[in-house]
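Here the structure comes first, spelled out in structure tokens, and everything after it is commentary.
The values are calculated or read from the model by the stated rules, or taken from the named source; none is laboratory data. Predicted model, so just to flag it, every value in this text is computed and none were measured. Positions of Cβ are backbone-derived with ideal geometry, glycine not excepted, and every protein chain shown enters the neighbour counts. Only protein heavy atoms, including side chains, enter the accessible area calculation; ligands, DNA and RNA are left aside. Shrake-Rupley method; radii C 1.70, N 1.55, O 1.52, S 1.80 Å.
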Amino acid sequence: MRATGQAHFRSTMYLANTVSGRRSRRFRKSNVPVAELTPLAASQAVLDELVKVYFSVGREPLASVDIGQLHADLDAIIDHNAITGCPHAEPAAPGDYSIERRRFGGIRGEWLRFESGWAPHDNAPGRDPWIDDDINNIAQVGLLRHPDHEARPWLVLVHGAEMGRHRLDARIMRAEYFHNELGVNVAMPVLPRHGPRGPGTGHVRGEFPSDDFVSNIHGLTQAVWDVRQLLAWIRDQGGDTIGIYGFSLGGNVTAQIAQHEPDVDALIAGCPAVSMVDLVRSNMPPAIRRRHRELFDKAAVASEVISPLSSAAVTPHENLVVLGAAHDRLADPLNQAARLWKHWDEPEFHVLPRGHVSFMFGQTATRTIEAALRQRGVSHHR
């Protein structure tokens, strides 16, 4: 298969660059701190390449969208943004919500539901499909709360793309571990058009994120709105100490929240996809990138209003943490995590010897996140 052959070639070249020290020199040239890069650790990049193959099978890049219409919609969004400015409004805590008992990932928890209530601005391109999507309009959150009535810190775990299934997410994001070891209450929001909010029960491979840049803009805007609603709900429950850890797509959402929420005690962006346009572009074949250069450039301009790099963080500098994966083949750490680190004036930053898919495997990332949360008071155990 052609895609598998390309993945094998890329993996071989990547390992060669690691052995030769070329990749280490890239980190040093960018003044990005990184541990020694070893061939064994670099082998994790192979798993990322296999995931690329999985997503490329049966998919022709940009074939699912009308290119002419996408150009027109992006032009309209650029004009629209020039008039309306930032799409993020200030959400209140949901007035009506429901909670039921639920098991996920072998864990006894609860399931919180409330109406998202978010919609694109009037006359915004692509508005109708979002406001007509009744399933997506119901925000859903997995909860792990301690049974006592003590005031406890909260940890919000924001999942990555193609996730949203809590039986897996709870394990991947180490929800039970943090719940028990830190003594915190845990909230796991489902991002728009993922999991039970996707087009069909349990469906994950939805249309956000995708190569439809208009949907990506709306999806990220709604994701930030929903998570901020959740933060308001947590504060209404008496949660006055809050940590947030977001991974990949969730790292983008978390980084955007830093632009709006000054009262977050620890905000950790893991392997953050800070530029979705660059992420899509870098994972497409070179011929596609060249052919649609104007489209990508236009999408980058249209997406500036929802970029974590568009404005300064209001979350205190000492509360910010960035995590990167040295062998990340999906969200290159120098193009994604390091850009956020520099934009935030270089807060705490760790580049771990992991790949993207394997980031939370083992204890390295878990212990790093745990230490960052403890240092910032997001722990009930002193």
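What to note about this one:
- Each other residue within a Cβ distance under 11 Å of Gln375 adds +1 if Lys or Arg and -1 if Asp or Glu, for a net charge of -2.
- Accessible-area composition of the stretch 239-382, carbon plus sulfur, in percent [1.4 Å probe]: 49 percent
- Between the stretch 103-140 and the stretch 297-336, the Cα center-to-center distance that results, in Å: 24 Å
- Local charge for His292 was computed over the other residues whose Cβ lies under 10 Å away, with Lys and Arg +1 and Asp and Glu -1, and equals +3.
- Amide H within-cut-off set for Ile242, under 5 Å, with H built and near neighbours excluded: Trp154, Asp265, Ala266
- Looking at the stretch 132-251, the accessible area is 32 square angstrom per residue; that uses a 1.4 Å probe and ignores ligands, DNA and RNA.
- Local net charge near Tyr97, Cβ-Cβ under 12 Å (Lys/Arg +1, Asp/Glu -1): -4
- The distance separating the Cα centre of the stretch 157-174 from that of the stretch 236-262 comes to 16 Å.
- Accessible area per residue in Å² at 1.4 Å probe, computed on the stretch 272-382: 40 Å²
- Our summary gives the stretch 263-382 a relative contact order of 33 percent, counting only alpha carbon pairs under 8 angstrom and 6 or more residues apart.
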